[in-house]
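Following: one structure in structure tokens, then a few remarks.
The values are calculated or read from the model by the stated rules, or taken from the named source; none is laboratory data. All values reported here derive from a predicted model rather than from experimental measurement. A quick note on method: Cβ atoms are made from the backbone with ideal geometry, for glycine too, and the neighbour counts reach across all protein chains shown. Just the protein is used for accessible areas: all its heavy atoms, side chains included, with ligands, DNA and RNA removed. Shrake-Rupley method; radii C 1.70, N 1.55, O 1.52, S 1.80 Å.
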Amino acid sequence: MTSVINVNLPEQSYEIAIAPGSLDQLGEKMTGLQLGKKVLVVSNPTIFKHYGERAINSLKTAGFEVASCILPAGERFKNLNSIQKIYDAALENRLERSATIVALGGGVIGDMAGFAAATWLRGISVVQVPTTLLAMVDSAIGGKTGVNHPQGKNLIGAFHQPRLVLIDPEVLKTLPVREFRAGMAEVIKYGVIWDAELFAQMEASKHLNQLRYIKPELIETILIRSCQAKADVVSKDEKEAGLRAILNYGHTIGHAVESLTGYRLVNHGEAVGIGMVAAGQIAVELGMWQKEETERQNALIQKAGLPTQLPSGVDIAAIIDALQLDKKVKAGKVRFVLPTQMGVVTVTDEVPADTIRQVLQAM
């Protein structure tokens, strides 16, 4: 059975289709979108080995002309050099304005393929086929694309909405455990910022740290409710003028930890887990959130097998400096997303530096 979630936007709405085995329907799904015949599949070696052939066969069967561009895996390759490789492949395969880039992979591939599509010939279509939990519930939806600058994460980018997001939950079976846990961080985030019911369902589950121990119905609920949360927020605020900033819960300190550890020591989800613990505690210190609620949050983060402490050797002063480079800084003030009750958050730039320091020292 296919679950369809609509992302309703003024210029171009699209659907998120969630169905087991849907990877084999990629070509068929794209046929209805009135796209040109040329398609460039962007992936990494691991994902391409598992799923490249199935995706390409499905596209060719539907009458598309398909080329591929394989980029090295990992956040540290999310840079302009990799984008250049996509442009080279686009040029070599004569991708015209009617062509489409298909992102087959996790968040890194999705972000880069989306950015290349946003900028090639001033914008061509992109279809997101996320293969990690993190990309399925978060990065593949909403049109944020980009790459990292050596000084900070996602500083170079563009908004470019996909024409379709196709989610096949079965591909999660080949996802390494650590990557699955990273995706759970974003799911827990949705519970805290938007969907208290989703949070409660995860609390009721005995296990959250490995796919094989979680009931398929809960995985389906996680995917549908997380995608719905993201779609709701993006539909209300496409370009992050206001509400969409709540999706950055846990990301302010998380991004600083990621970039200070060179994107090698902690992955994105682990950093977000650490960031949520910090933000929850800041909210408690400022009298905005109940201590019991932050304990519920931290227990769920631990149940998902995610860290709740800063990695050893990370300098707290360096984190506070790195916060100033965050994209969300306005007039020199760092904006934090802080919870006020389960499912409700607020955005504030009134967090004293001392409070940040004190919370980080305790971690």
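For a distance above 16 Å, tell me the whole-number percent of Cα pairs in segment 57-141 that qualify.
Distances greater than 16 Å cover 51 percent of the Cα pairs.
Restricting the count to DSSP beta bridges whose residues both fall in the chain, what percent are antiparallel, rounded to a multiple of 5?
40 percent
Keeping all protein chains in place, calculate the accessible area per residue for the chain (probe 1.4 angstrom), answer in Å².
I get 42 Å² per residue for this part.
What is the set of long-range amide H partners of Val41 at a cut-off below 5 Å, with H atoms built 1.01 Å from backbone N?
Here the answer is Ala67, Ser68, Cys69, Val102, since their amide H atoms fall under 5 Å of that of Val41.
If the cut-off is 16 Å between C-alpha atoms, which lysines fall inside it for Lys37, apart from same-chain ones fewer than 8 positions away?
Lys29, Lys60
Compute from the Cα atoms of segment 113-165 the Rg and the Dmax, the latter being the longest Cα-Cα distance, and quote both in angstrom.
11.1, 32
Is the C-alpha gyration tensor of segment 251-312 telling us rounded, prolate or oblate? Criteria: a/c under 1.5 is rounded; beyond that, a/b larger than b/c is prolate, otherwise oblate.
oblate
Taking trypsin sites (Lys or Arg not before Pro) as exposed when DSSP calls them loop (any state but H, G, I, E, B) and at most 15 other Cβ atoms lie within 10 Å, what is the longest stretch of the chain free of them, the sites themselves excluded?
That would be 98-205.
Would segment 16-67 count as rounded, prolate or oblate if I go by the C-alpha gyration tensor, calling it rounded below 1.5 in a/c and otherwise prolate when a/b exceeds b/c, oblate otherwise?
In terms of gyration-tensor shape, oblate.
From Cα pairs below 8 angstrom and at least 6 apart in sequence, can you work out the relative contact order of the chain, rounded to a whole percent?
In percent, rounded to a whole number, it is 15.
Straight-line reach from Lys236: which aspartates and glutamates have Cα under 20 Å away, leaving out those fewer than 8 places along the same chain?
Glu11, Glu15, Asp138, Glu186, Asp195
Using the Cβ atoms and a cut-off under 12 Å, what net charge is assigned to the surroundings of Asp111, where Lys and Arg are +1 and Asp and Glu are -1?
Taking every Cβ under 12 Å from that of Asp111, the sum is +1.
Going from the alpha-carbon gyration tensor of the chain, what semi-axes, largest first and in whole Å, does one get by taking the root of 5 times each eigenvalue?
33, 22, 18
Cα gyration tensor of segment 3-174, axes a ≥ b ≥ c as square roots of the eigenvalues: rounded (a/c below 1.5), prolate (a/b > b/c) or oblate?
Taking the square roots of the gyration eigenvalues as a ≥ b ≥ c, segment 3-174 is rounded.
Run the accessible area of segment 3-174 with a 1.4 Å probe and give the carbon-and-sulfur part as a rounded percent.
Of the solvent-accessible surface of segment 3-174, carbon and sulfur hold 48 percent.
If exposed GluC sites (Glu not before Pro) are those in a DSSP loop with at most 13 other Cβ within 10 Å, what is the longest stretch of the chain that has none?
Result, exposed sites excluded: 97-349.
Pull up the cross-link candidates among the lysines for Lys153, meaning alpha carbon to alpha carbon under 24 Å and not fewer than 8 places away within one chain.
Of all the lysines, those that pass the test against Lys153 - Cα under 24 Å, at least 8 places apart if same chain - are Lys78, Lys85, Lys144, Lys189, Lys230, Lys239, Lys327, Lys328, Lys330, Lys333.
Take the Cα radius of gyration of segment 321-363 and divide it by 2.2 N^0.38 Å, with N its residue count; two decimals is plenty.
Here the Cα radius of gyration is 1.24 times the empirical estimate.
How many times 2.2 N^0.38 Å is the alpha carbon radius of gyration of segment 186-248?
1.20
Treating the beta-carbon of each Lys and Arg as +1 and of each Asp and Glu as -1, no other charges, what is the dipole magnitude of segment 3-174 about its Cα centre, to the nearest 20 debye?
300 debye
Tell me, Kirkwood radius of segment 178-361 from alpha-carbon pair distances, in Å?
The answer is 16.4 Å.
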